[in-house]
1. Report the full-extension gain for the segment A70 to R104: residue separation times 0.36 nm, less the Cα-Cα distance, to one decimal in nm.
2. Where does the charge balance sit around H307 when Lys and Arg score +1, Asp and Glu -1, over other residues with C-beta under 11 Å from its C-beta?
3. Quick query: amide H of K236 versus all other amide H atoms, modeled in the peptide plane; which residues come in under 5 Å with a sequence gap of 5 or more or a different chain?
4. Helix 90-100 versus the longest principal axis of the chain: what is the Cα-based angle in degrees, 0 to 90, to the nearest 10?
5. Please give, to one decimal in nm, the separation of the simple spin-label points placed at A238 and T58, each 7 Å out from Cα toward the Cβ.
6. Compute the angle between helix 123-134 and the longest alpha-carbon principal axis of the chain, please, reported from 0 to 90 degrees and rounded to the nearest 10.
7. If you fit an axis through the alpha-carbon atoms of helix 59-73 and take the longest principal axis of the Cα set of the chain, what angle between them do you get, 0 to 90°, nearest 10?
8. Taking K and R as +1 and D and E as -1, what net charge do the other residues with C-beta under 14 Å from the C-beta of L334 add up to?
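The values are calculated or read from the model by the stated rules, or taken from the named source; none is laboratory data. Please read these numbers as outputs of a predicted model, since none were measured by experiment. Because the Cβ atoms are built from the backbone with ideal geometry, glycine has one as well, and the counts that use them run over all protein chains shown. The protein model used for the area step is the full one, side chains on, heavy atoms only, and it has no ligands, DNA or RNA in it. Shrake-Rupley method; radii C 1.70, N 1.55, O 1.52, S 1.80 Å.
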Amino acid sequence: MKHITILTTGGTIAMTHTDAAGGAVPLLTGADFSSALPRDLAEIRAEEFSNLPSAHFTMDHLWNLSRRVAALVARDDVDGVVVTHGTDVLDESAYLCDIAIDTRKPIVFTGAMRAASDPGYEGIANLIAALQTAASDDARDCGALVVFNDEIHAARDVTKTHTTALETFLSPEFGAIGRVYANAPCHFERSEKSGGQSEISRSARNDTNGVVIARKPTRREFIPATRLEPNVTLLKLAVGMSDGLLEYLVDVVGARGVVLETLGGGRVPPWWLPTIERAVKNGVAIVITSRVGAGRTLDRYGYAGAHRDLVQAGCWFADGLNGQKARIKLMAALGTDNAGKYF
Ligand code: ASP
């Protein structure tokens, strides 16, 4: 049997309503999760990292979580790690583990949209699917994964797309890489007991473990960061918007990096260009992504503020990452001695 560690961090998967709080708060522990799991999935060890809503995470929290996951997967007696996590920033945390941990072992993030006190709580189903994935040989060499709603997604591609829907985690550009057929590994055998009664026993088939990885992620990258650069901001552009915030970040805050969620395939209003050029000249890393939500920033336009002007200004490009993940990547890259190598 595989040895899987569940690292709990909080989130709705660990939440239940209390009258004192007047709403759902994180209370469930690893022991609560373990007691709800089938015994034949894996040899499971639960460890609490935190019990917080993910909106309370700091960058230190995120970095330390990735270091704890790195330490766990480095151990011979750990075959894979499942991280239970709040869904609000789950894609950022999973992506950080994807780029900052060099391992062949599965690292699988999961959570829940409904609290344990809500009707239809899906936390245990998601956790079982995540454990099945972490115990699967097919999930090795895939980088960090996100398992939700029986779908397996690459951390690089996945994002939260809906505020309340159970099928919120999607990979808008390329789709899921696999699926967990939750009932597939189990089959029921009927046998006649000596007293003539029939007995149904449940056993696990370990051949596929119910996990099908249809395609392995090919765009994997490892950034050997020793820290995350904290002074990196994400700005989203909108029609007619002033570049004042960028000016403020460059001139007053002394930003080390700014990620711009630009328009369409990588375009900015022309009045942003002088500030972008000045930022790059002053050593501020400007990373371009799109506010659209899927696709790379590339175009063939010849007008001011189009993609080629951003190339000429010396911007870096996020290669299809969404804004929040481009920020994580830039923070990690600036935590090495050669950030430009990764863009
Ligand atoms: N509030 C939750 C969080 O910690 C949302 C969730 O987990 O679904 O991110």
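1. Stretched fully, the A70-R104 segment lengthens by 11.1 nm.
2. +2
3. Distant-sequence amide H within range of K236: E261.
4. 80
5. Taking the simple label geometry, A238 and T58 are separated by 3.0 nm.
6. Roughly 80 degrees, rounded to the nearest 10.
7. Relative to the chain, helix 59-73 is tipped by roughly 50 degrees.
8. Once all neighbours under 14 Å are counted, the net charge is +3.
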